[in-house]
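Read the figures in this text as sums done on the coordinates, not as results from a lab. All values reported here derive from a predicted model rather than from experimental measurement. Every residue, glycine among them, receives a Cβ derived from its backbone with ideal geometry; neighbour counts consider all protein chains shown.
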Amino acid sequence: MDVMQGRTASPILVVDDSSTIRRSAEIFLAQSGYSVVFAEDGFEGIAKIMEHAPALILCDVLMPRLDGYQICSLVRHNPRFQHIPVVMLSSKDGVFDRARGVLVGANAYLTKPFTKDSLIKTVAAHLAHAHVSVSAH
């Protein structure tokens, strides 16, 4: 994975059923030089993961049909994708929600609505860590 000047060779995937959250993430990430792909629900998210092998996944916790915890668990159990950082997005900021995210293998938890600064700092930190992890193998 190439991480240069805030950009990645692979896009960042945003999986969220809220068009407002998808649009905010798109604006914030594009302004910082990242390419972005979107999915409106969990099943579309899984298809986009298979298609794009994203550098990082931002995933809403509560979605119809397939929720963020299930997506994260599927990613962690697939050898092809298990290295991809997963950041859970939720309007809830409870200990239980964070603990459940850790249990399924999420790398971070970001409370919605997020600021540009908090999103970019979280993304950059986890892309840098993923780059180190991938390079070390």
The Rg/Rh figure for the chain, Cα atoms and Kirkwood Rh, to two decimals is 0.92
Cross-link reach from K112 to lysines, straight Cα distance under 21 Å and at least 8 residues apart if same chain, gives K92, K121
Any aspartates and glutamates whose Cα falls less than 12 Å from that of K48, other than same-chain ones fewer than 8 residues away, would be E40
Listed by chain and number, the residues whose amide H is under 5 Å from that of L66, excluding neighbours fewer than 5 places away on the same chain and using placed H, are G42, F43
Ranking P54, L13, G105 by how far each Cα lies towards the positive end of the charge dipole of the chain (+1 on Lys and Arg Cβ, -1 on Asp and Glu Cβ), the top one is G105
Hydrophobic long helices for the chain, i.e. whole DSSP H runs reaching 20 angstrom or more by Cα along the axis with Kyte-Doolittle mean at least -0.5, come out as 116-136
